[in-house]
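Working notes, beginning with the structure itself.
The values are calculated or read from the model by the stated rules, or taken from the named source; none is laboratory data. All values reported here derive from a predicted model rather than from experimental measurement. As a convention, Cβ positions derive from the backbone with ideal geometry for all residues, glycine included, and neighbour counts pool all protein chains shown. All accessible areas refer to the heavy atoms of the entire protein, side chains included, with ligands and DNA or RNA removed. Shrake-Rupley method; radii C 1.70, N 1.55, O 1.52, S 1.80 Å.
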Amino acid sequence: MFSHLYLAKMAESAITRHSSPIDFIRASCKATRYPTLCYQCLSGYGSAIRQSEHQLALTALSVSLGRTRSAVAFVGKLTKVKGIKRREYMAVKDCIENMSDSVDRLSQSVRELGHVGATVGQDFMWHMSNVQTWVSAALTDETTCLDGFGGRRMDGNVKAAIRRRVTNVSQVTSNALALINRFAARHRATDEKH
């Protein structure tokens, strides 16, 4: 907890010194667990994000949703791999179910975060609490996908391919959650000043 607060403070002070959207994104990404990946994912959206904390969180969440959808499609293709073992096939099916749940939760979160713009006080916090809960659950779904591939009996190309893809999705979702949490905390601090 302390390290995340420290990173958020570092990013906050860095943001105030930068004026371009790209600098804003780079500084904001320092508050995430995977800052390089964060910047790579979001830097192409500078004109949409500008220097809006809300737009930054919404864009990060949308990127996570897109990556998760892509991962579901990718994992779905692996059920058709020739020579796939029954145990691998079942793990892949379970993974698809978990990742599909993640897509649902992230979609719900994008809609909810979209409604946050005009809300204040308790309404804002209620919407943000929903988003934080759903994105946390999506991250759990993504991690759970990999659980079915545990143990040596599951080593192989299918496991390696899924691990690479799902790990990337989990990292992108983790970054989105960090930016959502930061947006909520900064908004809460602004509300308390008024």
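Data table
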quantity: Percent of C-alpha pairs per 10 Å bin, region 91-194, short to long; calculated: 15, 40, 24, 14, 6, 1
quantity: Cα-based Lys pair tally, the chain, threshold under 26 Å, eight or more apart or on separate chains; calculated: 13
quantity: Choice from Thr79, Thr167, Thr36 with maximal GNM fluctuation in the chain (Cα, 10 Å cutoff); calculated: Thr36
quantity: Of all accessible heavy-atom area on the chain, the percent that carbon and sulfur account for (1.4 Å); calculated: 53 percent
quantity: Listed residues Arg163, Arg152, Arg69, most fluctuating in the chain (Gaussian network, C-alpha, under 10 Å); calculated: Arg152
quantity: Listed values [x] 0.99; [y] 1.03; [z] 1.12, entry calculated as Rg/Rh (Cα atoms, Kirkwood Rh); calculated: [y]
quantity: Debye, to nearest 20: dipole size of the chain, +1 on Lys, Arg Cβ, -1 on Asp, Glu Cβ; calculated: 940 debye
quantity: Accessible area expressed per residue, the chain, with surrounding protein chains retained (probe 1.4 Å, Å²); calculated: 53 Å²
quantity: Signed unit charges on C-beta, dipole axis of region 59-185, positive-most listed residue Val135, Met99, Gly148; calculated: Gly148
quantity: Most mobile of Ala31, Ala60, Ala73 in a GNM of the chain (Cα contacts under 10 Å); calculated: Ala73
quantity: Computed [θ] at 222 nm, helices only, for the chain once each DSSP H run of length n ≥ 4 contributes -39500 (n - 2.57); calculated: -27500 deg cm²/dmol
